[in-house]
Amino acid sequence: MAEQTASGYIQHHLQNLTYGQLPNGDWGFAHTAQEAKEMGFWAFHVDTLGWSVALGLIFVLLFRMAAKKATSGQPGALQNFVEVLVGFVDGSVKDSFHGRNPVIAPLALTIFVWVFLMNAIDLIPVDWIPQLAIMLSGDAHIPFRAVSTTDPNATLGMALSVFALIIFYSIKVKGIGGFIGELTLHPFGSKNLFVQALLIPINFLLEFVTLIAKPISLALRLFGNMYAGELVFILIAVMFGSGLLWLSALGIALQWAWAVFHILIITLQAFIFMMLTIVYLSMAHEDNH
């Protein structure tokens with residue numbers, strides 16, 4: 001029974017608050033993973049969408065506040081923090097992006113701060129936000145996940161947005177012909193037109209896989225690392241419900257140790273997502289071929 005309770009606890013914490021059409025035709029929230037699955041493609045993860053928008057607004061409002069209160073005199077703590085962050089991102093863009101595009105630096109700043117904020121929610125004890133959702137809804141069985149980046153729908157959505165920019169700037173800089181040529185005439189080439197025509201399918205297969213791998217790697221890298229981190233926190237929380245004093249004490253020590261280490265993970269994952277976006281868009285702006 002204890003094992004089943006622990007299993008149910010873990011499954012409940014790994015389930016999103018899903019809204020969609022129930023099997024009986026009504027629209028509402030799913031209370032089990034099976035109900036969420038039966039809702040199909042048009043179901044919405046309300047917790048993921050809500051936290052993503054809320055943290056995005058927090059980012060915008062904080063930076064707007066810093067911009068409105070910016071002074072050439074002695075800056076405040078918020079202005080200092082924003083200036084350091086902007087300088088760090090701007091330096092990363094200058095080092096990695098070799099084209100000219102005023103969109104890249106603001107995009108990189110948005111990605112880094114937004115992803116970091118979504119990741120940072122993982123540092124809040126795993127029971128606090130779900131319990132708050134239960135109190136507000138009055139439903140003891142309603143699931144709620146607060147870490148948006150542990151939802152592959154969120155990470156894939158961000159990655160596909162970056163992928164759309166890659167395609168857009170590739171066509172804008174190289175033209176339709178240049179973009180198609182990049183996919184079909186490399187890496188293997190020949191001066192013989194007949195041989196080159198035979199190589200086109202091979203080139204396209206290799207280059208298309210490389211192209212598609214960019215958004216997939218962006219999405220899965222962030223999702224995998226954050227999902228693993230969340231799962232570790234949940235497993236540590238299970239130790240507190242064991243009823244054993246020594247196991248609960250060990251859980252406290254492990255929770256603090258993992259939280260400190262996880263600060264590095266959430267920062268690193270935000271940085272990697274930002275840097276890969278910059279590098280991919282820099283490659284899209286190259287027209288050497």
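List of remarks:
- Nearest 10 degrees, 0 to 90: helix 2-13 Cα axis against the chain principal axis: 50
- All Cα-Cα distances of the stretch 69-146, cut into 10 Å bins from zero to the largest, leave 15, 28, 24, 19, 12, 1 percent in each bin in turn.
- Angle of helix 152-184 to the longest C-alpha principal axis of the chain, folded into 0 to 90 degrees and rounded to 10: 0°.
- Tail weight of P(r) past 20 Å, computed on alpha-carbon pairs of the stretch 178-260, percent: 60
- Amide H contacts of residue 22 (H built 1.01 Å from N, under 5 Å, at least 5 apart or other chain): 27, 28
- Computed from Cα atoms alone, the Kirkwood hydrodynamic radius reported for the stretch 3-131 is 18.2 Å.
- With the simple spin-label model, which puts each label point 7 Å out from Cα in the Cβ direction, the residue 194 to residue 80 separation comes to 7.4 nm.
- q = 0.06, 0.09, 0.13 Å⁻¹, the stretch 2-284: log10 I(q)/I(0) [Debye, one scatterer per Cα]: -0.27, -0.59, -1.02
- For the stretch 126-166: rounded, prolate or oblate by the Cα gyration tensor [a/c cutoff 1.5]: prolate
Where a number appears in this text, it was derived from the coordinates with a stated rule and is not lab data. It should be emphasised that the depicted structure is a prediction, and the values quoted were computed from it without experimental measurement. Please note: Cβ atoms are built from the backbone with ideal geometry, for glycine as well, and neighbour counts cover all protein chains shown.
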